[in-house]
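Data first, discussion second: the structure below is written as structure tokens.
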Amino acid sequence: MAPNGLTNGHVAEAEWAPTSWRSKPLKQAVLYENEAEVASAIKKLTSLPPIVTPTEITKLKASLRDAALGNAFLLQGGDCAELFSYCAEDPIDSKIKLLLQMSLVLIWGSNKPVIRIGRMAGQYAKPRSSPTEIVDGKEIPSFRGDILNGFETDARRVDPERLVSAYFHSATTLNYVRGQLASGIADLHNPLDWGLGHVRDKDLQCKYQEIVHSISDSLRFMKTVGADTAGQLHTVDLFTSHEGLVLEYEQSLTRRLKHPAGYTPTKPSEDGKGWYNTSAHFIWIGDRTRQVEGGHVEYFRGIENPIGIKVGPSMKDDELIELLDIVNPTKEIGKVTLITRYGEGKVEAMLGNHIEAVKRSGHIVVWQCDPMHGNTRSTETGIKTRQFSSVFSELESALKIHKQHGSYLGGVHLELTGDAVTECVGGSEGLTDEDLSLNYTTFCDPRLNEKQALELAFLVAGHYRK
Ligand code: PEP
Ligand code: MN
């Protein structure tokens with residue numbers, strides 16, 4: 001038997017525990033200076049209540065099953081690196097509003113329910129290509145996300161207290177999101193209150209108004225015929241997600257909890273309980289930590305949550321299927337979202353083969369396109385950016401290739417912010433390399449601003465309506 005407990009690609013009754021990842025080789029491992037401090041942070045985290053619950057997690061899982069079967073569309077977006085300082089009223093409000101606006105556009109376009117997942121309330125950890133970097137001629141540890149160290153050059157020492165701080169910032173962010181949703185920020189009776197002032201482009205504003213009018217008309221009709229008796233139109237669901245990178249943190253928030261009534265568990269048990277990652281509804285494995293034999297895959301194979309796997313250009317067909325067999329041996333539909341991120345120049349050569357390999361394997365996944373991570377470039381002055389047209393081009397190719405293969409693009413995965421940043425170039429604002437310095441505030445990858453993100457939603461919707 002292989003060391004990861006696999007025989008012929010099938011998961012044997014290998015023991016799994018929230019800590020079993022520790023016996024596997026680990027990419028992006030954290031070297032803590034003081035083990036006692038880590039133990040104390042883990043102890044504290046383990047004593048704290050879940051941030052999300054099995055009822056919510058399994059609700060999302062059921063919706064993702066719909067997306068895998070072509071009956072729903074997944075919109076997932078947020079910062080590349082969420083900072084603790086983004087845990088504030090304005091950035092959270094603007095992100096909720098943007099995701100809602102985009103989802104309305106996508107519902108209108110695709111004629112399908114849209115599932116919303118924020119890359120927020122926990123997206124604090126970043127994989128890095130090098131453990132150190134040169135700043136002002138000095139070699140210092142790289143910034144690994146607020147969950148481990150600070151961006152300021154004198155705060156780069158990994159501080160295990162930050163693991164606990166990540167929990168509290170996640171919980172506070174989600175508490176505010178829940179409060180705002182319950183208080184009507186997403187009340188579909190008032191779409192015009194959503195503030196269109198920031199959409200300066202006349203054409204875009206016109207198109208959006210048209211959609212808002214068409215939605216308002218439908219809602220008016222529903223109210224008239226009494227279709228909103230349960231008050232479903234007063235709010236919407238918004239789930240949370242992050243890359244499951246720092247396993248000390250994920251392990252501490254992994255709890256053995258009772259399955260909700262009516263839920264068919266991945267791993268049936270006599271006590272009616274299962275392992276839930278309660279740090280977020282959905283977590284994903286990054287492109288750098290998806291090794292079949294590695295600690296991250298070991299951790300992910302044990303949890304009930306729906307999960308994502310980033311699929312970059314180096315993914316081999318058989319490796320992809322082996323991964324799916326490990327994390328989803330019972331082939332639950334929609335348990336796994338494959339987040340493809342090849343780049344506009346590589347998607348044509350790679351996506352079709354991956355679709356066919358997955359088809360042959362019998363797995364039914366949510367295919368989600370991340371058109372951001374394969375399309376990053378540096379300007380002449382060394383600023384990381386992405387071209388709006390490249391982002392849309394990969395997305396358009398993905399839509400086309402899925403159609404050609406009788407498959408279904410079930411969602412998009414975007415790095416975006418509700419703020420008026422200048423990090424990606426292009427779009428109807430026509431931002432150029434020279435404009436990047438105007439408001440470049442990301443601490444990791446460049447994000448679409450509110451206008452570019454909304455425009456992308458319009459373009460995708462337009463593609464469906466063609
Ligand atoms: C990310 O989503 O920010 C990221 C690091 O992506 P990937 O793992 O696909 O490189
Ligand atoms: Mn990123």
Worksheet item: Mind checking whether some residue in the stretch 24-41 is modelled with pLDDT of 95 or more and within 16 Å of ligand 2 (Cβ to nearest atom)?
Response: yes
Worksheet item: In the stretch 382-427, what residues are hydroxyl-bearing (S, T, Y) and either under 20 Å from R119 (Cα atoms) or surrounded by 17 or more Cβ atoms within 10 Å (Cβ to Cβ) (or both)?
Response: T385, S390, S393, S397, S407, Y408, T417, T422
Practice prompt. Please name all residue pairs, on different chains or six or more residues apart, with Cβ atoms under 9 Å, provided the first residue is in the stretch 281-303 and is closer than 21 Å to C369 by Cα and among the basic types (K, R) and the second residue is in a strand (DSSP E or B) and within 16 Å of ligand 2 (Cβ to nearest atom).
Written response: R288/K310; R290/I309; R290/K310; R290/V311
Worksheet item: Going through the stretch 422-466 one residue at a time, which ones are within 16 Å of ligand 1 (Cβ to nearest atom) and within 14 Å of R386 (Cα to Cα)?
Response: E423, C424, T442, C444, D445, P446, R447, L448, A453
Worksheet item: Restricting attention to the stretch 418-437, and to residues there that are hydroxyl-bearing (S, T, Y) and in contact with a helix residue (DSSP H, G or I) (Cβ under 7 Å, 6 or more places away or on another chain), which single residue is nearest to C80 (Cα to Cα)?
Response: T422
Worksheet item: Only one of H189, H169 is in contact with a Gly (Cβ under 9 Å, 6 or more places away or on another chain) and either under 30 Å from E37 (Cβ atoms) or at pLDDT below 80 (or both); which?
Response: H169
Worksheet item: For the stretch 279-295, what are the residues that are in a loop (DSSP other than H, G, I, E, B) and within 14 Å of ligand 2 (Cβ to nearest atom)?
Response: G286, D287, R288, T289
Item to complete: Filter the stretch 363-382 for residues that are more than 15 Å from ligand 2 (Cβ to nearest atom) and of a type outside the set (G, A, S) and give the result.
Response: H363, I364, V365, V366, W367, T379, E380, T381
Item to complete: Identify, by number, the condition in (1) of a type in the set (S, T, Y); (2) within 16 Å of ligand 1 (Cβ to nearest atom); (3) more than 18 Å from N277 (Cβ to Cβ) that S94 doesn't meet.
Response: (2)
Item to complete: Could you look through the stretch 272-298, keep only residues that are of a type in the set (D, E, K, R) and over 23 Å from A14 (Cα atoms), and pick out the one that is surrounded by the fewest Cβ atoms within 10 Å (Cβ to Cβ)?
Response: R288
Discussion item. Suppose we keep only residues that are under 20 Å from T266 (Cα atoms) and of a type in the set (S, T, Y) within the stretch 335-381. Which one would you say is farthest from the chain's Cα centre (by Cα)?
Written reply: S361
Discussion item. I need a count of the residues in the stretch 124-139 that are of a type outside the set (A, V, I, L, M) and part of a strand (DSSP E or B).
Written reply: 4
Item to complete: Six or more apart or on different chains, Cβ under 9 Å: which pairs go from a residue in the stretch 365-376 that's under 7 Å from H413 (Cα atoms) to one that's part of a strand (DSSP E or B) and within 11 Å of ligand 2 (Cβ to nearest atom)? Could you list them?
Response: Q368/H413; C369/H413; D370/K310; D370/H413; D370/L414; D370/E415
Discussion item. Kindly evaluate G302 against the criterion of being small (G, A, S) and part of a strand (DSSP E or B).
Written reply: no
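The values are calculated or read from the model by the stated rules, or taken from the named source; none is laboratory data. Please read these numbers as outputs of a predicted model, since none were measured by experiment. Every residue, glycine among them, receives a Cβ derived from its backbone with ideal geometry; neighbour counts consider all protein chains shown.
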